[in-house]
Amino acid sequence: DGGITQSPKYLFRKEGQNVTLSCEQNLNHDAMYWYRQDPGQGLRLIYYSQIVNDFQKGDIAEGYSVSREKKESFPLTVTSAQKNPTAFYLCASSIKGQGSGNTIYFGEGSWLTVV
Amino acid sequence: AQKVTQAQTEISVVEKEDVTLDCVYETRDTTYYLFWYKQPPSGELVFLIRRNSFDEQNEISGRYSWNFQKSTSSFNFTITASQVVDSAVYFCALSEYRGGSGSRLTFGEGTQLTVNP
């Protein structure tokens, strides 16, 4: 089936550790995104990438890092510098960058909890 | 800066009632796109509709309908004859046109809809 796959669904992290969330898409989309969702709030953009080997910071990039070595993959690393990482993380993709207004499709999300 | 406001934090209705979710947006651009997404308890955001700023025609899809009014900067969503399966958080979002780079998809804070049997 075509779609966006995120893993793991649930992840627990000890303070001071880095963790990496996986995101893979087989939709042949050029652009990929990471959003963070906190309880009772909307989604905020962390990073986005419109093409392989290129990515840009979103509104809340501090404490996060990404890579885009392959078109299908856009992993997100939550570093120990992220002060409050407990949240729901959503990966998304679209045919082109957001500027063109193309529809963004989302994965099922990953819950990250700091223990 | 662009902004999306969903003033209704939570709505509770009884099955078969009609319900309207409000969305008001702010943007300086003349070209922009509006979206609605549904987030069921499983967490995934499901795309419902996209509308560009030049198309003010209302749209109906089954029990769902959308009313876009540029004069009031609103893009409201109505569910007719609501069902328990409609229970979810609904997000309205705005994307400004930037010719392929540098724009943002701005989300409202969402409306939690609960449909009771």
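Each reported figure results from applying straightforward, stated rules to the coordinates on display, with no laboratory input. Computed from a prediction, not measured in an experiment: that's the story for all the values here. Ideal geometry is used to build each Cβ from the backbone, glycine not excepted, and the neighbour counts take in all protein chains shown.
Worth pointing out:
- Prolate is the label for chain B, because the ratio a/c of its alpha-carbon gyration tensor axes (a ≥ b ≥ c) is 1.5 or higher and a/b is greater than b/c.
- Top of A:Tyr105, A:Tyr35, A:Tyr47 by mean-square fluctuation, Gaussian network on chain A, Cα under 10 Å: A:Tyr105
- For B:Gln8, the residues 5 or more places off, or on other chains, whose built amide H falls under 5 Å of its own are B:Asp22.
- B:Val14/B:Leu48 FRET efficiency (R0 22 Å; Cβ-Cβ; nearest 0.05): 0.45
- Working note: Karplus 6.51/-1.76/1.60 with θ = phi - 60° gives region B:20-36 the couplings 10, 9, 8, 9, 10, 10, 10, 7, 8, 7, 8, 10, 7, 10, 10, 9, 10 Hz, where Gly and Pro are set to x.
- Between A:Val52 and A:Tyr10, residue separation times 0.36 nm minus the direct Cα-Cα distance comes to 12.4 nm.
- Exceedance of the 32 Å cut-off in Cα-Cα distance is limited, within the set A:Lys9/A:Lys57; A:Lys71/B:Lys70; A:Lys9/B:Lys3; A:Lys9/A:Lys71; A:Lys83/B:Lys3, to A:Lys71/B:Lys70.
- Using 0.36 nm per residue and subtracting the Cα-Cα separation, the extra length available between A:Lys83 and A:Asp59 on full extension is 7.1 nm.
- Highest-fluctuation residue, B:Asn67, B:Asn58, B:Asn76 considered, GNM on chain B with Cα pairs under 10 Å: B:Asn58
- Close amide-amide hydrogen proximity is noted between B:Val46 and B:Lys38, B:Gln39, each under 5 Å apart and 5 or more residues distant or on a separate chain (H modeled in the peptide plane; Pro and chain starts excluded).
- Cα-centred dipole magnitude for region B:15-117, charges only on beta-carbon of K, R (+1) and D, E (-1), debye, nearest 20: 260
- Paramagnetic label reach from A:Lys70 (point 7 Å along Cα→Cβ; backbone nitrogen cut-off under 12 Å): within region A:1-27, residues A:23-26.
- Gaussian network model of chain B, springs between alpha carbon atoms under 10 Å - residue of B:Glu44, B:Glu56, B:Glu15 with greatest fluctuation: B:Glu44
- For chain A, relative contact order (Cα pairs under 8 Å, six or more residues apart, normalised by length) works out to 34 percent.
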